[in-house]
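Chemist: Would you mind keeping the following structure in view while I ask a few things?
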Ligand SMILES: [Zn+2]
């Protein structure tokens, strides 16, 4: 059996990764710079090669590439880990974002928990495996993916790459902070915007115009009624669907009948709901409530991810981590892999409570825990 990397070594790896800024360009600012994932992708590719991996670059967006590396195993099976390399912005952080300091049994900085913690553990294990001259039990594929925090294009890009090679993964872990608990499902979502189109007029003569804000208000109330109806439907394994009006925009001036009003909504889907069907239903519902022409822009359509907790991967991970499997309220890259992985879960060290926060950290004990779980999973 492989001797596991020490807590000091694991925290040193994570500190090193935090010190390489990889803020998603959409949330860049003066503190972060605008380089995105370029530097960390290059560094990770270098380490993968150094530790014996067959490295593949895959450009997803201009200058932003997923990096994949393969370690052939002793069997025909395929295991994979998807670890996103981008982080959210740092401009609002009250803590130094990139010092990667180690204190109080924790590692601090942007990405410390979301999700460079998993990357650090994986790199430390690959390093130890290579140094010991060991081969993993199954073929091992590590994917360092870009753009999870904004566009979420890295994961579907990886899924396309697998499809193009006819590669069906037996087991996939999507790395996110779950306290090393196997998460076997989370809701999907539909995000869209409705715009009511009225007619501008002088507000002294409102009868000459058609007020788009009043129509937007009717649509918002109809959507609230739909949310309330959903709350009376039977709960699935992932709970009950949710519908929230999240943005409203309209009006031209203090003395003008508003000619447009836009409403953005966020609809959370449970397992079995079809994003296209839900979108069509919401369009019909909004149109029925609107007295004006309505246009629609669909931003995101993501199905829910759900696998039964009785699956082999879930069961083994739960036994190794000592954690009871659960489902999560937030979304992850796991949605992208429905047809390219037989079994998939979300699992990683630390708590989502510290993700995206003004002070971000992970407990070093969580890194040790994941190292133990992954070493067993890889058959080291
Ligand atoms: Zn994350």
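Chemist: Filter segment 281-315 down to the residues that are assigned to a helix (DSSP H, G or I) and in contact with a strand residue (DSSP E or B) (Cβ under 9 Å, 6 or more places away or on another chain), then identify the one that is surrounded by the fewest Cβ atoms within 10 Å (Cβ to Cβ).
Modeler: Here the residue is 312.
Chemist: Ok, one more. Does segment 343-362 hold any residues that are surrounded by fewer than 24 Cβ atoms within 10 Å (Cβ to Cβ), away from the ligand (no atom under 11 Å from the Cβ) and in a loop (DSSP other than H, G, I, E, B), and which are they?
Modeler: Within segment 343-362, 351, 357, 358, 359 qualify.
Chemist: Now for a separate question. Go through segment 327-342 and count every residue that is over 20 Å from residue 270 (Cβ atoms) and not in a loop (DSSP other than H, G, I, E, B).
Modeler: The qualifying residues number 2.
Chemist: Return yes or no: is residue 82 assigned to a loop (DSSP other than H, G, I, E, B) and on the phi < 0 side of the Ramachandran plot?
Modeler: Working: assigned to a loop (DSSP other than H, G, I, E, B): no; on the phi < 0 side of the Ramachandran plot: yes.
Criteria not met by residue 82.
Chemist: Looking at segment 143-232, what strands (runs of 3 or more DSSP E) fall wholly within it and have at least 1 residues that are more than 28 Å from residue 243 (Cα to Cα) and modelled with pLDDT of 95 or more?
Modeler: Details: elements: 169-174, 183-186, 188-197.
Strands (runs of 3 or more DSSP E) meeting the threshold: 169-174.
Chemist: Taking the options 166, 179, name whichever one is free of Cβ contacts under 8 Å to residues at least 60 places away in the same chain and in the same structural domain as residue 341 (by TED's automatic domain parsing).
Modeler: Step by step, each of 166, 179 is checked, and only 166 is free of Cβ contacts under 8 Å to residues at least 60 places away in the same chain and in the same structural domain as residue 341 (by TED's automatic domain parsing).
Chemist: Given the condition within 13 Å of the ligand (Cβ to nearest atom) and either in contact with a strand residue (DSSP E or B) (Cβ under 7 Å, 6 or more places away or on another chain) or not assigned by TED's automatic domain parsing to the domain that holds residue 49 (or both), answer yes or no: does some residue in segment 154-163 qualify?
Modeler: Yes.
Chemist: Can you tell me which residue among 172, 167, 140 is in contact with a strand residue (DSSP E or B) (Cβ under 7 Å, 6 or more places away or on another chain), surrounded by 24 or more Cβ atoms within 10 Å (Cβ to Cβ) and more than 22 Å from residue 86 (Cβ to Cβ)?
Modeler: One residue alone meets the criteria, 140.
The values are calculated or read from the model by the stated rules, or taken from the named source; none is laboratory data. The structure presented is a predicted model; accordingly, all values stated were derived computationally and were not measured. All Cβ positions, glycine included, derive from the backbone under ideal geometry; neighbour counts span all protein chains shown.
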